[in-house]
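For reference, the structure discussed in these notes is given below.
The values are calculated or read from the model by the stated rules, or taken from the named source; none is laboratory data. Since this is a predicted model, take the numbers as computed values, not measurements. No Cβ is skipped: glycine too gets one built from the backbone with ideal geometry, and neighbour counts run over all protein chains shown.
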Amino acid sequence: MTAALIAVALGIAGGFIAALAGVGGGIIFVPALALVIGLSQVSAEATSLLAIVPVALLGTWQQRNTGEVRLRHALIIGAGSVITAVLAALAASAMPEDILRWLFATFMVAIAARIWVGAERDAARGRSAP
């Protein structure tokens with residue numbers, strides 16, 4: 001099986017799992033790209049970020065047709081995102097691979113803890129997760 005076919009399979013499986021669990025795909029894709037395909041941490045993160053672009057564009061187009069997009073807010077968020085993405089990419093590229101990997105792992109643990117606490121809070125209130 002070629003790396004491209006593995007990437008397609010990861011995209012389908014990861015997208016399904018991320019949507020089912022209500023999490024961002026990067027939580028699944030970055031480790032999969034690094035561990036399964038063998039990309040460096042920087043390449044895995046960059047590839048995952050680039051994969052978001054067509055999904056975000058398609059989702060925005062679909063929601064714009066329903067009147068749900070606030071164009072002014074989207075442009076402000078988009079401009080801020082472009083600026084910080086460039087700065088973060090420069091920082092990630094200059095950082096040693098091991099430190100970047102540990103930072104990503106720490107971020108994933110923090111996200112998991114936040115999801116856990118939210119689920120516990122919802123359970124205590126007698127609500128199910130959305």
Within the range 72-81, is even one residue at pLDDT 90 or above and either at positive phi or small (Gly, Ala, Ser) (or both)?
-> yes
Can you name the residue in the range 102-130 that is assigned to a helix (DSSP H, G or I), in contact (Cβ under 8 Å) with a residue 60 or more places away in the chain and not aromatic (Phe, Trp, Tyr) and is also farthest from GLY22 (Cα to Cα) among such residues?
-> MET108
Close pairs (7 angstrom Cβ cut-off, 6 or more residues apart or separate chains): more than 21 Å from PRO31 (Cα to Cα) in the range 48-69, part of a loop (DSSP other than H, G, I, E, B) and β-branched (Val, Ile, Thr) anywhere = THR60/VAL69; GLN63/VAL69
Being surrounded by 10 or more Cβ atoms within 10 Å (Cβ to Cβ), more than 30 Å from ALA3 (Cα to Cα) and over 15 Å from the mean Cα position of the chain (by Cα), is that true of even one residue in the range 84-93?
-> yes
Answer yes or no: is there a residue in the range 97-119 that is more than 18 Å from the chain's Cα centre (by Cα), closer than 27 Å to SER43 by Cα and modelled with pLDDT under 90.
-> no
